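Trainee: Would you mind keeping the following structure in view while I ask a few things?
The values are calculated or read from the model by the stated rules, or taken from the named source; none is laboratory data. Just so we're clear, the structure is a prediction, and the values are computed from it rather than from any experiment. Heads up, the Cβs are rebuilt from the backbone with ideal geometry, glycines too, and the neighbour counts pull from every protein chain shown.
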Amino acid sequence: MGCENELLVEQVCEIYEKISKLESLKPSEDVNKLFTQLVLTCMPPSPIDVTKLCRRVQEIRCKLITLCGEAEGLLESHFSTLLGSFHNPIGHLNLFPYFSNYLKLTHLEFTILTQHTTLVPTRVAFVGSGPLPLTSIVLATNHLTAATFHNYDVDPSANSLASHLVSTDPDLSKRMFFHTSECNGGYKSELKEYEVVFLAALVGMAKEEKKGFIDHLAKYMAPGAILMLRSAHGARAFLYPVVDACDLRGFEVLSVFHPTDEVINSVVIARKFLTPMHSLDQGLGISPLMLPCKCA
């Protein structure tokens, strides 16, 4: 490991120690400061391969991703509640501090989607939509203005907050729906109805858990349907789980894109195979996708 990577790992571990000692991860001056410092440390393009780090750092990375997910959820709940206090919540989305990042990420995802499909989707699902479903809202408002969006989350309180945000909008209230359900096994037949399914970055924090969700989607999505996933690359893998191409059993990986700007997440687009193939693995009826792992 080069000196640059060693310094990066040392900085990340120091920030982790400070974050792990916080009494609460709810938005506050200390929380905001530490997570901003962490993001700025991990944002620059880096050749680091997190899979080759020592066991201690691997464990810290796993714990850090969990803390980031918890903090992100609390931040979204805080701002969803704040936005919900306005008569027109959709008109105040720019109050969310990372709204511009969502605009860029969603535009990137839509652009990649249009490069790999000729049909404009009419039914879209977002798995793990959370209390502040900005991706669905931005897509519905700016890009897929005639599509319906079905948002799934395991937390009923998150769905309640999210539903309230669009309830006063005459257009979105008719095209956005929210379902409380387990992300792995809670819904099956519904999946075949969607041309595009988004899987949130924080659905499945651990590697095997993430693969389980992907296997579930591979089993029940419609043949030929598109799966959009968010991953991470380089040092950004300290912030979010990594989805490797070889994790996408039952899907053809169409493209993997790693941003180098303030958009943190990598974008992976895949298409479910049209014809299921025999598999000896977990009885899914699909064969593992034997492609190089390009995301990590």
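Trainee: Given (1) surrounded by fewer than 17 Cβ atoms within 10 Å (Cβ to Cβ); (2) part of a helix (DSSP H, G or I); (3) under 23 Å from the mean Cα position of the chain (by Cα), identify the lone condition not met by Pro44.
Mentor: Here Pro44 clears every test but (2).
Trainee: Could you list, in sequence order, the residues of the stretch 197-236 that are under 13 Å from the mean Cα position of the chain (by Cα) and part of a helix (DSSP H, G or I)?
Mentor: In the first step, residues of the stretch 197-236 are kept if they are under 13 Å from the mean Cα position of the chain (by Cα); the result is 197-205, 210, 213-214, 227-232.
Lys210, Phe213, Ile214, listed by residue number.
Trainee: Residue check: is Leu132 among the hydrophobic types (A, V, I, L, M, F, W, C) and assigned to a helix (DSSP H, G or I)? So that I can check it myself, show each step before the final result.
Mentor: Values: among the hydrophobic types (A, V, I, L, M, F, W, C): yes; assigned to a helix (DSSP H, G or I): no.
When the stated conditions are applied, Leu132 does not pass them.
Every residue, every condition in (1) surrounded by 19 or more Cβ atoms within 10 Å (Cβ to Cβ); (2) in contact (Cβ under 8 Å) with a residue 24 or more places away in the chain; (3) not small (Gly, Ala, Ser), yes or no:
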{"residue": "Ser173", "(1), (2), (3)": "no, no, no"}
{"residue": "Glu190", "(1), (2), (3)": "no, yes, yes"}
{"residue": "Val196", "(1), (2), (3)": "yes, yes, yes"}
{"residue": "Leu199", "(1), (2), (3)": "yes, yes, yes"}
{"residue": "Gly204", "(1), (2), (3)": "yes, yes, no"}
{"residue": "Ile214", "(1), (2), (3)": "yes, yes, yes"}
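Trainee: Name the one entry in Leu113, Leu74, Leu64, Leu53 that is modelled with pLDDT of 95 or more, touching a Lys or Arg at 6+ places or on another chain (Cβ under 9 Å) and of a type in the set (A, V, I, L, M). Spell out the reasoning first.
Mentor: Details: Leu113 fails: touching a Lys or Arg at 6+ places or on another chain (Cβ under 9 Å); Leu64 fails: touching a Lys or Arg at 6+ places or on another chain (Cβ under 9 Å); Leu53 fails: modelled with pLDDT of 95 or more.
Criteria check complete, one pass: Leu74.
Trainee: Then there is this: Out of the residues in the stretch 5-41 meeting the condition of being among the small types (Gly, Ala, Ser) and in a loop (DSSP other than H, G, I, E, B), tell me which one is surrounded by the fewest Cβ atoms within 10 Å (Cβ to Cβ). Explain how you work it out, then say what you get.
Mentor: Start the filter on the stretch 5-41 by keeping residues that are among the small types (Gly, Ala, Ser), which leaves 20, 24, 28.
Filter once more, so that each one left must be in a loop (DSSP other than H, G, I, E, B): 24, 28.
Details: Ser24: 10, Ser28: 12.
The selected residue is Ser24.
Trainee: Could you list, in sequence order, all residues of the stretch 237-252 that are part of a loop (DSSP other than H, G, I, E, B) and closer than 27 Å to Leu40 by Cα? Don't jump to the end; show me each part of the working.
Mentor: Going residue by residue through the stretch 237-252, those that are part of a loop (DSSP other than H, G, I, E, B) are 239-244, 248-250.
Across the stretch 237-252, the qualifying residues are Leu239, Tyr240, Pro241, Val242, Val243, Asp244.
Trainee: Do any residues in the stretch 137-161 that are surrounded by 16 or more Cβ atoms within 10 Å (Cβ to Cβ) have Cβ atoms under 9 Å from those of residues that are assigned to a helix (DSSP H, G or I) and basic (Lys, Arg), where the two are at least six apart or on different chains, and which pairs are they?
Mentor: Ala140/Arg175; Ala147/Arg175; Thr148/Lys174; Thr148/Arg175; Phe149/Arg175
Trainee: Of all residues in the stretch 176-188, count the ones that are farther than 28 Å from Lys63 by Cα and crowded, with 18+ Cβ neighbours inside 10 Å. Lay out the reasoning, then the answer.
Mentor: The first filter runs over the stretch 176-188 and keeps only residues farther than 28 Å from Lys63 by Cα, leaving 176-179, 187-188.
Then keep just the ones that are crowded, with 18+ Cβ neighbours inside 10 Å; that gives 176, 178.
So the count comes out to 2.
Trainee: Would you pick out the residues in the stretch 98-114 that are of a type outside the set (S, T, N, Q) and either surrounded by fewer than 17 Cβ atoms within 10 Å (Cβ to Cβ) or over 13 Å from the mean Cα position of the chain (by Cα) (or both)?
Mentor: Filtering the stretch 98-114 for residues of a type outside the set (S, T, N, Q) gives 98-99, 102-105, 107-110, 112-113.
Across the stretch 98-114, the qualifying residues are Tyr98, Phe99, Leu103, Lys104, His107, Leu108, Phe110, Ile112, Leu113.
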